[in-house]
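The values are calculated or read from the model by the stated rules, or taken from the named source; none is laboratory data. Only a predicted model underlies this, so the values are computations on that prediction, with no experimental measurement involved. Neighbour counts are summed over all protein chains in view; Cβ atoms, including those assigned to glycine, are modelled from backbone coordinates with ideal geometry.
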Amino acid sequence: MEKKTLSGMTLAELENVAYELGMPKYASKQIATWLYTKQIFSISEMSNISKAFREKLEEHYVLGRKQPIKKVKSKDGTVKYLFPTQSGHFVETVYIPTAERATLCVSSQVGCKMGCSFCMTGRQGFQAQLTPADILNQIYSLPEFATLTNIVFMGQGEPLDNIDSVLRTCEIMTAPYGLAWSPKRITVSTVGDLKNLRKFLNESQCNIAISLHFPTSALRAEYMPAEKAWPINKVVEVLKDYDFCNAELQWHEGAKQRRLSFEYIVFAGLNDSHRHRDQLVELLKGLDCRVNLIPFHTIPDSPFTAAPEKRMKEIRDYLTYKGVFSTLRASRGEDIMAACGLLSTKERNKKETK
């Protein structure tokens, strides 16, 4: 009989586990504490649960936690980890420390279906969905777990294409029995998966980031196949039905609204002209949002070129002047292929499945 995985279960599901094994109901909270607030790697470590019940748990369940098998550190302090998944694949996870915060960029899929032409993960294609246990493992098994202040679903995969696992992860991260984080410390990125965007916005209070990159539907469709299924104009119309906080204000833990941002990789001669800036202003009119301008990181055999920093600053200043608050995202981890758009486990997955 195949064992089930404890990690990724809600408190209600853990109550069912306790009931089925003849354990007292309060044991579910004990299990949740070991799973989600203590960094244990085996059921045998649950010391406040009797040996008999631990043996019953081990007979039917696995914890679902695996150590990273590879670590690469950048000269700027960014660290990229390679994690094995429950299904035998691998995903990359990036730890990004700064003086003020420590952000973890987690993956939601092995590879990606979206096929964006400027992304290494897109070139990898799609191999598998990650389970809640796989996603949580990237967080809880991180050696720097105790330092984390923020989590972004901006690693491998399209998070809303794996909506159930992502929502389950966000629930556990923000629940009192889990990490009890404010949802405003978690940001989920999407190309604009309309079939699941409303579901996410209705069922979670976490921040949302739209991978925009081009200001018009026609231009976006040339490089992002998902545009044909989920036009950016329709994505913006959906977003206008929800409340977001003013991007220029210092939002705080007591604020009710989540934050909306748009990710915009700036390519030289492709999406950086004055016309593109005006199109961007027009597209985002009426939204409380921010635009994160991101430098393009070169990938092999790519026709794209990064816009110079001076041009990016001009775009930032122009957009902000026009009422669209904008920031420049610092490039981190490029020397270890950990920066935006560079994550891929294609070769690793090939080697391990031969």
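Just a few scattered comments:
- Per-region count, the range 156-212, residues more than 24 Å from LYS29 (Cβ to Cβ), in contact with a Ser or Thr (Cβ under 9 Å, 6 or more places away or on another chain) and among the polar types (S, T, N, Q): 8
- If the condition is being out of contact with any Leu (no Cβ under 6 Å at 6 or more places or on another chain) and closer than 18 Å to ARG65 by Cβ, then the range 12-34 contributes GLU13, LEU14, VAL17, GLN30, THR33, TRP34.
- In the range 174-200, the residue that is farthest from SER7 (Cα to Cα) out of those that are surrounded by 18 or more Cβ atoms within 10 Å (Cβ to Cβ) and aliphatic (A, V, I, L, M) is VAL191.
- Filter result for LEU130 (under 15 Å from LEU343 (Cβ atoms) and either assigned by TED's automatic domain parsing to the domain that holds THR190 or crowded, with 16+ Cβ neighbours inside 10 Å (or both)): yes
- Residues satisfying the stated conditions in the range 1-26, i.e. under 26 Å from ILE139 (Cβ atoms), in a helix (DSSP H, G or I) and among the acidic types (Asp, Glu): GLU13, GLU15
- Residue check for PHE41: assigned to a helix (DSSP H, G or I) and at pLDDT below 95: no
- Residue check for ILE135: surrounded by fewer than 19 Cβ atoms within 10 Å (Cβ to Cβ), outside any loop (DSSP other than H, G, I, E, B), assigned by TED's automatic domain parsing to the domain that holds SER261 and under 12 Å from the mean Cα position of the chain (by Cα): no
- For THR85, the conditions (1) within 30 Å of MET337 (Cα to Cα); (2) among the β-branched types (Val, Ile, Thr); (3) not assigned by TED's automatic domain parsing to the domain that holds ILE151 are fulfilled apart from (3).
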